[in-house]
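Reviewing the structure listed below.
Rule-based calculations on the coordinates, nothing more; no lab input. Nothing here was measured: the structure is a model prediction, and the numbers come from that model. We place every Cβ from the backbone using ideal geometry, glycine too, and count neighbours over all the protein chains shown.
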Amino acid sequence: MIVFDRKTNCFFLHGKSFSCVLWIDPNGYLTDLHFGGRVGEDDLRAFDMRTRPVSFAPTPPDSDHWFSLDIAAQEYGSYGQGDFRAPSVIIERQDGSRASRFHYAGHRIYAGVPALGGLPCARKGKETLEITLRDVLSDAEIVLNYSLFEDSDVIARNAVIRNRGKDPIFLPRAYSFCLDLEEGGYDAVCLQGRHCAERMPERTPLGHGAYSVSSSRGASSHQMNPFLALLSKDADEDRGEAVGALLVYSGSFLLSAETSQTGSVRLQGGINDLGFRAKLEGGEEFITPQALLCRTEGGIGQLSREYADFLRGYILPPAYVHAPRPVVVNNWEATYFDFNREKLCALADRAAELGIDTLVLDDGWFGKRNDDTSGLGDWFVNEKKLSGGLAPIVDHCREKGLKFGLWFEPEMISEDSDLYRVHPDWAIGKAPRCTGRNQLVLDMTRKEIVDHVFSRMADILGRYGVSYVKWDMNRHITEFFSAELPADRQGEFAHRYILGVYSLADRLTKAFPQVFFEGCSGGGGRFDAGMLYYFPQFWTSDDTDAFERVKIQWGTSYCYPLSAMSCHVSVCPNHQTGRTTPFFTRGAIASLGAFGYELDLGALTEEEKAAVRAQIAAYRESEPLVQSGDLYRISDPFKGNRFCVAVVSKEKSRAIVVGMQIHAVPADTDHRIRLKGLDAGKRYLVEELGYAARGDTLMNAGLLLPRLPDFGCFVWHLKEA
């Protein structure tokens, strides 16, 4: 609910369990009075709405003598008028001046959510507050959007900057949101990592000055995810204040938390301003990506569940949120580039026998592509490798009751390719260029290139009746330069690039609604809410080792739902780590996401084949929980010798508990695991143990853990008795 009180000039935005109170102060500035638990609209005495005096603080010329922007809780930070904290936007005029001062100019409240012009954003919503600010010193106007949603503690925010004048202006910075929190004392939690070790949680106490997480790679990256949480000092998994910011964006980004001289904290971010400079001609506007802010009193665990519910309800493609996901076998680790028609048909035969429903043909089916040095961009079937082309393989899969999928890397081009020989200028940058994985990046800022890639992919998908696409991106951007952009627009390249990617994804998913799209970027290098708008799941990491995956999936679950994580059982010794883990463990950990296989089915023993059939049956039984249930993290693999999570149905009638012991300990004592998320008054049967108990008993007294070997796993299914 959104209410504007004209007597006090206050806006009240009420979510499920939070309130946001904004105030137009007597000087005309939009400030933040409260972002926290629910408050009443008649209790403004709780807020001191007077301006506190500050010594030696510059005062804007149209403000009270003691007023200072340097301590004001601004809703969008200004530059050059007395606020020495990082600004939310910088507006550069033709004479080079950059100072801005924003005053309230109007607002409107309407049902639904704004469309953001080519950017992914919440698909629906309850109500939006739109507040317009005008710059006293320029012709710039800023519109701040605040959208609320049914039964959610997420508020979606973004900014639109407009040039109302005739002369051009430039934006060296244009963040999506700013949130000034009066009380500090937080710890920051980010998801850092690298290739094969993505989204590792890291908690850091905030000191004075700025703390930031960012990517300047043209993608949200393996190294940092576009998520930042602030936790009170006493907050943990289950209790304490947690404030989160999650960007619906897949390009270069920055999120920061700056502690001021008074201890307040400014949380803000959006597009990374490193190298960024957008030009606005008269009448033009720049739309920033959407940021999803959330606040809970239930620790990082409740924050995670709020984000999971929101992404499932408002971001992920609706048709696939609750639909059964394909159980795939990907040929990559079975064959790499060394395959032919006979090998693939044999793999399809074995998949059908085991109950797998989709065969995905990975890299190497197109162009002159027998290794990673050539062929990207030539989206034509390599009939020298695949005699008769794809049709016989697709037909064979259909005869066996299987669907067929293909790997693409639409944004890339090889120098050794027919496309590059005809269009060398289609690669970004200027020669000599950096290469990564022996490939260059197509200039997705150019419509003719996006059109070409769309036509080639659409031809393949339509001609062969492809049911599944794995969309990969195996290198990040180095040369941020387009041959078609004028010099004063080159600073827009990174943002225009990701808009081109979104355009291609949007066109393909709309043209082929029957095709299931999975995202990938060298594993999890672009796992973000922006890509999940188009693709219902993303390849979580190239590291499929079960032990490494519990850590990767643990961190990913901080702000993304289990159903968005593509998780496969792979061969041992594992191709990334060389580690051997039990087959049962690999299946149990992979079942905590969208399930599949990444191995040579022909090399399985009879015992392993039986295990595959059992794993698929077990996954299908637990799939509704993975898609719709609430995740409770119980034992942290970063802090001890065990991993354990519970996934509980919304009505709390069912649950699945999955745990791993990392290392066996000789002469160890007995240990108990205390469950979470159950209904205290309901009685549950733990099927594997043949034991029934009330929810409060299972949560407070717990269950005795089994003795397990290294990387041994247990799975318990709970049903209301």
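So the values come out like this:
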| item | result |
| --- | --- |
| Segment Thr605-Tyr110, length gained on full extension (0.36 nm per residue, minus Cα span) | 172.1 nm |
| Under 5 Å, built H, 5+ apart or other chain: amide partners of Phe177 | Gly269 |
| Computed E for His671/Ala614 - FRET, C-beta separation, R0 25 angstrom, nearest 0.05 | 0.40 |
| Region 153-183 versus region 1-41: alpha-carbon centroid distance in Å | 19 |
| Estimated inter-spin distance, Ser97 and Arg164, nm [label 7 Å along Cα→Cβ] | 1.7 |
| Cα-based radius of gyration of region 265-359 once divided by 2.2 N^0.38 Å, which approximates compact folds | 1.85 |
| DSSP beta bridges in the chain [antiparallel fraction, %, rounded to 5] | 80 |
| Residues whose placed amide H lies under 5 Å from that of Tyr186, excluding near-sequence neighbours | Leu206 |
| Among 398-407, 514-523, the order from most to least packed when residues are scored by Cβ within 10 Å on average | 514-523, 398-407 |
| Under Karplus coefficients 6.51, -1.76 and 1.60, residue-wise ³J(HN,Hα) of region 251-266 in Hz, glycine/proline x | x, 4, 9, 8, 10, 9, 10, 10, 8, 8, 4, 8, x, 5, 10, 9 |
| Kirkwood Rh and Cα Rg combined as Rg/Rh, the chain | 0.99 |
| By average C-beta atoms within 10 angstrom, highest first, the peptides 321-330, 485-494, 440-449, 599-608 | 440-449, 321-330, 485-494, 599-608 |
| Among beta bridges that DSSP assigns inside region 279-411, antiparallel share in %, nearest 5 | 10 |
| Protection proxy ranking, peptides 671-679, 542-550, average beta carbon neighbours within 10 Å, highest first | 542-550, 671-679 |
| Cα lying deepest toward the dipole's positive end in the chain, options Ser215, Gly555, Ile589, charges on Cβ | Ile589 |
| Charge dipole (region 333-417, unit charges on Cβ, about Cα centre) - positive-most of Val360, Ala391, Trp379 | Ala391 |
| Theoretical FRET efficiency, 1/(1+(r/R0)^6), r = Cβ-Cβ of Asp418 and Ala319, R0 22 Å, to 0.05 | 0.05 |
| Paired Rg and Dmax values of region 313-374, which use every Cα atom, in angstrom | 15.2, 43 |
| Residue-span extension gain [His208 to Glu687] - 0.36 nm each, minus C-alpha spacing | 167.2 nm |
| Asp506-Lys124 FRET efficiency (beta carbon distance; Förster radius 22 Å; 0.05 resolution) | 0.80 |
| Whether region 634-720 is rounded, prolate or oblate, judged on the alpha carbon gyration tensor where a/c under 1.5 counts as rounded | prolate |
| Label-point separation, Asp151 to Ser387 (7 Å along Cα→Cβ), nm | 5.8 |
| Alpha carbon convex hull of region 156-216, projected area averaged over orientations, nm² | 7.2 |
| In order through region 366-380: 3J(HN,Hα) via Karplus (6.51 cos²θ - 1.76 cosθ + 1.60), integer Hz, x for Gly, Pro | 10, x, 9, 10, 10, 7, 8, 9, 8, x, 5, x, 9, 7, 10 |
| Likely footprinting exposure, Thr288, Thr31, Thr478, fewest C-beta neighbours within 10 Å first | Thr478, Thr31, Thr288 |
| Assigned charges on the beta-carbon of Lys, Arg, Asp, Glu; region 563-694 dipole about Cα centre (debye) | 600 |
| Charge dipole magnitude, Cβ of K and R +1, D and E -1 - the chain, Cα centre, debye nearest 20 | 620 |
| Note, ³J(HN,Hα) from phi for region 178-195, Karplus 6.51, -1.76, 1.60, rounded to Hz, x at Gly and Pro | 9, 9, 8, 9, 4, 9, x, x, 9, 9, 9, 10, 10, 10, 9, x, 6, 4 |
